[in-house]
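Read-outs: derived from the displayed coordinates by stated rules, not from any lab. Here the structure is a predicted model, which means the values were calculated and not measured. Backbone-built Cβ (ideal geometry, glycine too); neighbour counts: all protein chains shown.
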Amino acid sequence: HMRAYSVCRPAVACVDVDGRVASSQSTFLQIVSHFNSNTHVVYVRGLASASLPDLFLKWLCEFTERWPWRFIYLQGADLRYSFAEIRDRVSFLRLPEEFEMS
């Protein structure tokens, strides 16, 4: 079950996913359906990291490769177990050193 907020900000859609990815294909389609000419970021909350299938992550990576101005942010997703499969497709954003906690 997925709940979407219409728009958090003009270019960002927020999507709540209740726990596990029940069907990789339907969850992927629901996430990418939030993109349009005004929405460039989909912020996904509530995915249980252990339930992220490799194929699902691959589809997300390949989608954003095809559409480089579209971004999918998975809040709290722990990709360390899938990293070997998708390391060439993932970007990790870091704060500049002057903003990091010391």
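Taking amide H positions as placed in the peptide plane 1.01 Å from N, state which residues far from Cys14 in sequence (5 or more) or on other chains have amide H under 5 Å from it.
Residues meeting the amide H criterion: Tyr5, Cys8, Tyr43.
How far, in nm, would the chain grow between Asp54 and Asp18 when pulled straight, counting 0.36 nm per residue and subtracting the alpha carbon separation?
So the extension gain works out to 11.1 nm.
Between Gln25 and Asn38, what is the label-to-label distance in nm when each label sits 7 Å out along the Cα-to-Cβ direction?
Here the modelled spin labels are 3.2 nm apart.
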